[in-house]
């Protein structure tokens, strides 16, 4: 096949040697062949005109002088032989050199062409333009041929050409059909959405991927132009690109957004190209569209990641710097803040002006040559105010602005060094404490081997040295039978630690020693037990003293219960005597006074009764006490429980006798007063008793009724009533509390006191 002559060594064509430049006419309906030959000849400096058929060629020949004609035989409208015949019969044109440049003519027909005045060159056998140009410079003179002879021969050749052309057309149609099938198959199977549009931007074809991407059917696409699927901000840009395509410009791949049928906005990457017709004009637009949603998400994630890492670097609690050729090219805020220099002062200065380490130059050199370096070095960092910090740093290879660089990460270890010094000091103190502590300190394995024991523990157990003690196994002969080690281990491994455990160990001579023990489990990172460690305090003497005290307390408890019992009985006797005596008193007022006294004694007797019954002899369950006291008062006053109801709201509070007796007397007086005066006649009502803890040290007692209420004329603290005066005295003097009376609805007495 003939091809570009610039790739050939044979450049010595006649015209180039002569230096002449020619005005040539190329006649060929095959635009590809025409354009290729046109380009080659123009490259050599020749002036070229082109025609697609014989008629166009004749028009050009009548208006312009040409130095040669290069023509295909098979042409539309007017073929090459007809054109040649017309030229040779024209006196003005017959001397113009004529070359058939073709592959459609049979060898046996070449003489006929030469008779007409044309030389024949084969496209498939002509490697460069030099042969064509040489042939044009040596034209073949035409032979005078009668018209009938010409027509006879021309008709034979024309028939062969037509038969050959028809055969080629059939083959081309077959190939075209196959090509169309392949293209249609490729079109439909393409991984990207593909559109074919007319020059107005309307859709002609759209593949399956386009329907999947945007949700439209092919029929729906054909009713739309790109303007209906491109989002509004991108329409004008798409219009401008359409204009450029029609002008046969190349459009680089670009991004825009499509709106799908369901309203979704889809980011896409678009590649558009013009499909030209035979005349070279753009007839259709092909648009290949790729969904870049995932890429956009990835890019967004990458931006977020970059932002995150930028923030990490900017907010890092370590110094980060990038170094090129020994100069600081980047420093993060940590370095700026801790050194006192501004970033501008640090950038493009030598790192060795601030970081002092005999290893740093070596590190930078090894980084430059990509050698391995020790992971961490220690150095000193100079600050602007002159003071220095101890730092450790490591280095790695990185790229900065397209060039190799060294990344330095440093950490202030000034405090760590101080902490290490403090740790050494602490270890010494711990060792001193371990050696000199007044309590025993130990470390053992779970199976009873003693790993460590301080001198105190060694002496406690009667041994001469730790080595002698270490020969003992606590699983075998460590603890007394009443305090099995198995129970100790189970509890310790379940809870992780034990505080204040009492245990009994056997000393070297077999004596039982009682210890108060604190212990904990030490585990490795996988949770496996490494050892137990703990402390023990010898409480053998304390246990003996405790036993004696417990026996003494038991005796005192029995005695105290007997006292409470006898006091309660004596008060019951006094109450009974008062009740008996009141039966012989005719005066109602005096009899009432006796009943009040009896109730007061009864309230104190109940306190002693509750103390006698209580497990804790020091305090009274006040809820039970109030129930007993109020029940006694209601019975004593013969009050109808259906007419006056009692509501008790008492928290779980226990009071000692110092507070219980005054509180009981106060409740006795206030309830008695309610029963006497709050509900005259057959008036119904409710009495409420509340007792609650305001906090850990303060109690509030409230006695309230919804009766007629205490007259405002009565001064609670300066009344002649013995009962109310007793309430004030008991609240303020004995309980050291405060008293407040609310007469808004009935009467409500609030007493607050400390415990």
Subject >> Residue-span extension gain [residue 239 to residue 305] - 0.36 nm each, minus C-alpha spacing >> reply: 20.1 nm
Original post:
What nm distance separates the two modelled labels at residue 247 and residue 219, each placed 7 Å from Cα along Cα→Cβ?
Top reply: 4.0
Subject >> Compactness of the stretch 316-417, expressed as Rg and Dmax over alpha-carbon positions, Å >> reply: 12.7, 38
Original post:
By how many degrees, 0 to 90 and rounded to 10, does the Cα axis of helix 622-636 deviate from the longest principal axis of the chain?
Top reply: 50
Subject >> Burial ranking of peptide ranges 710-722, 83-95 (average Cβ count within 10 Å, highest at the top) >> reply: 83-95, 710-722
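On a full-extension model of 0.36 nm per residue, what is the gain between residue 208 and residue 541, subtracting their alpha-carbon distance, rounded to one decimal in nm? Working shown, then result.
On the way: separation 333, 0.36 × 333 = 119.88 nm, distance 9.65 nm.
Net length gain for the segment: 110.2 nm.
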**OP:** Please grab the % of Cα pairs in the chain that end up more than 36 Å from each other.
**Re:** 77
Subject >> Cα-based helix-to-principal-axis angle, 540-582 vs the chain, degrees rounded to 10 >> reply: 60
Original post:
Among 69, 204, 157, what is the fewest-to-most ranking by other Cβ atoms within 10 Å?
Top reply: 204, 157, 69
Subject >> the stretch 647-755: relative contact order in percent, alpha carbon pairs under 8 Å with at least 6 residues between >> reply: 29
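By per-residue mean of other Cβ atoms within 10 Å, what is the highest-first order of 245-257, 339-351? Show your work: numbers first, answer last.
On the way: 245-257: 12.8, 339-351: 14.3.
Ranked from most to least packed, the peptides come out as 339-351, 245-257.
Is the shape of the stretch 350-503 best called rounded, prolate or oblate, per the rule: a/c under 1.5 gives rounded, else a/b larger than b/c gives prolate, else oblate, with a ≥ b ≥ c the square roots of the Cα gyration tensor eigenvalues? Each step should come with its number before you reach the end.
Working: a/c = 3.87, a/b = 2.82, b/c = 1.37.
Cα axes put the stretch 350-503 in the prolate bin.
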Original post:
Using a basic spin-label model with each label point 7 Å from the Cα along Cα→Cβ, how many nm lie between residue 526 and residue 426?
Top reply: 2.9
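Can you give the helix-only mean residue ellipticity at 222 nm for the chain, where every DSSP H stretch with n ≥ 4 adds -39500 (n - 2.57) and the sum goes over all residues, rounded to the nearest 500 deg cm²/dmol?
Working: 25 runs with 326 residues, N = 755.
Counting only the DSSP helices, I get -13500 deg cm²/dmol.
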**OP:** Compute the acute angle (0 to 90°) between the alpha-carbon long axis of helix 588-613 and the principal axis of greatest extent of the alpha-carbon atoms of the chain; round to the nearest 10°.
**Re:** 60
**OP:** Return a whole-number percent for the relative contact order of the stretch 190-297, with Cα pairs under 8 Å and 6 or more residues apart as the contact set.
**Re:** 28
**OP:** Using Cα pairs closer than 8 Å and at least 6 residues apart in sequence, work out the relative contact order for the chain, in percent.
**Re:** 4
**OP:** At 7 Å along the Cα-to-beta-carbon direction for both residue 683 and residue 313, put a label point, then send me their distance in nm to one decimal.
**Re:** 8.7
Original post:
Rounded if a/c is under 1.5, else prolate if a/b is larger than b/c, else oblate: which is the stretch 30-145, with a ≥ b ≥ c the root eigenvalues of its Cα gyration tensor?
Top reply: rounded
Subject >> Label point at residue 227 placed 7 Å out along Cα→Cβ; residues across the stretch 239-266 whose backbone nitrogen lies under 20 Å >> reply: 239-247, 256-261
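Using a 10 Å cut-off on Cβ atoms, rank the peptides 427-433, 730-736, 464-470 from the highest mean neighbour count down. Let's see the in-between values first.
Numbers: 427-433: 10.9, 730-736: 17.0, 464-470: 12.9.
Those peptides, ordered most packed to least, come out 730-736, 464-470, 427-433.
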Original post:
On full extension of the chain, what length is gained from residue 394 through residue 30, given 0.36 nm per residue of separation minus the C-alpha to C-alpha distance?
Top reply: 124.0 nm
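Laboratory data are not the source of any read-out in this text; all were calculated from the coordinates shown. For clarity, every value in this text was computed on a predicted model and none was experimentally measured. All Cβ positions, glycine included, derive from the backbone under ideal geometry; neighbour counts span all protein chains shown.
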